[in-house]
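See structure below.
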Amino acid sequence: MNGIMTTTSVLSRHDLNDHYSARLGIKRMYHRVASGLYSIGVPDRQSPVFVTANYSLSFDAVRTSLKDMGAYILVLDTKGINVWCAAGKRTFSTDELVNRIELTGLKQVVDHRELVLPQLGAPGISAHEVRRRTGFKVEYGPVRASDIKEYMRTRKATEEMRSVRFPLKDRAVLIPVELKNYLLPIVAIPLILYLIGGWLPMLLAVAAALGGIVLFPLLLPFLPTKDFSSKGLILGLLLSLPFVAYLLMDHGMTWTSVLSAVAYALALSAAVAYIALNFTGATPWTSRTGVKKEIFRYIPAMAFMFFGGIAIVVAINAALYFGVV
């Protein structure tokens with residue numbers, strides 16, 4: 001039996017720094033705690049046992065919600081992945097839960113045989129199999145750790161506790177890590193386009209990057225359609241309108257300005273949609289099968305639009321250079 005580790009509901013400066021690093025995507029796979037059994041407060045043999053992932057932000061969310069409570073936290077080895085994603089990847093799993101119960105000697109620590117799991121971990125856990133193999137009953141608690149205390153008071157989850165929300169705050173949290181991941185292209189591509197074609201292509205690239213990375217998650221619930229890709233296409237089209245208006249007003253309704261406007265709209269819409277598709281893995285609104293279908297459905301169209309837009313621009317410039325028109 002492994003020893004019981006202790007923890008508190010208070011986050012240290014080190015914990016906060018770890019949170020900041022995680023939100024910026026720095027050392028992504030290093031934000032984890034040791035798996036095993038933790039005690040918080042002054043638990044006894046009747047104290048509840050909560051199960052979570054060893055992703056440090058998941059663990060911290062649980063322990064900070066247990067202020068002034070005596071409890072145990074059973075941390076599964078999910079390879080530093082949060083509960084929801086780990087359940088999909090089968091690391092927050094039946095086998096890992098059974099294994100962790102045995103390794104920690106949990107049966108000798110508590111007299112009851114109940115485990116409280118996060119609702120989002122349900123896809124990875126077979127409750128009846130856990131009970132058959134260990135004798136522990138699996139009970140699914142609320143979606144959010146902040147509701148644990150109220151849930152434990154009534155032992156009932158309200159509809160609100162069961163609802164998966166993705167509010168503005170949660171969507172905004174995604175922006176810094178995406179900006180960090182796309183930092184090199186955000187700087188390099190506009191610079192290259194400026195050197196090749198001037199300020200208009202440069203601004204087009206900046207609009208695509210910031211539109212997809214910043215505006216898309218903020219506006220996500222307000223964009224029509226269900227698929228993230230089609231939402232991105234709509235947002236990209238809206239962002240292209242100022243460029244289209246500029247070209248048509250500055251150069252008139254010539255064939256070059258009209259085709260350039262079409263090319264810009266195609267390329268910008270496709271670029272924003274591609275970036276938007278990346279957010280499917282960071283939201284509780286999507287499923288693995290749905291994302292796969294969306295990828296196969298929209299990626300060919302995005303490629304056709306993006307490279308078609310580039311081809312139009314190249315053709316226009318070639319025609320002008322060689323004096324075809």
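Restricting 152, 202 to those that are touching a residue at least 12 places away in the same chain (Cβ under 8 Å), more than 15 Å from the chain's Cα centre (by Cα), assigned by TED's automatic domain parsing to the domain that holds residue 264 and surrounded by 13 or more Cβ atoms within 10 Å (Cβ to Cβ) reduces the list to 202. From the list 98, 75, the lone residue that is outside any helix (DSSP H, G or I), closer than 25 Å to residue 288 by Cβ and more than 20 Å from the chain's Cα centre (by Cα) is 75. If you go through the range 166-199 and keep only what is among the β-branched types (Val, Ile, Thr), under 19 Å from residue 281 (Cβ atoms) and surrounded by fewer than 14 Cβ atoms within 10 Å (Cβ to Cβ), you end up with just 173. Scanning the range 30-48 for residues that are closer than 16 Å to residue 92 by Cα and among the aliphatic types (A, V, I, L, M) turns up 33, 34, 37. Could you tell me whether the range 73-94 includes any residue that is aromatic (Phe, Trp, Tyr) and in contact (Cβ under 8 Å) with a residue 40 or more places away in the chain? Yes, the range 73-94 has at least one match. Condition first: out of contact with any Phe, Trp or Tyr (no Cβ under 8 Å at 6 or more places or on another chain) and farther than 27 Å from residue 172 by Cβ. Can you find one or more residues in the range 271-286 that meet it? No, every residue in the range 271-286 fails to be out of contact with any Phe, Trp or Tyr (no Cβ under 8 Å at 6 or more places or on another chain) and farther than 27 Å from residue 172 by Cβ.
Can you name every residue in the range 113-128 that is in a loop (DSSP other than H, G, I, E, B) and out of contact with any Phe, Trp or Tyr (no Cβ under 9 Å at 6 or more places or on another chain)? Can you show your working first?
Taking the range 113-128 first, the residues in a loop (DSSP other than H, G, I, E, B) are 113, 118, 125-126.
If the condition is that a residue be in a loop (DSSP other than H, G, I, E, B) and out of contact with any Phe, Trp or Tyr (no Cβ under 9 Å at 6 or more places or on another chain), then 126 is the only one that fits.
The values are calculated or read from the model by the stated rules, or taken from the named source; none is laboratory data. This one's a predicted model, so the numbers in the text were calculated from it and none came from an experiment. Note that we place each Cβ from the backbone using ideal geometry, even for glycine, and neighbour counts take in every protein chain shown.
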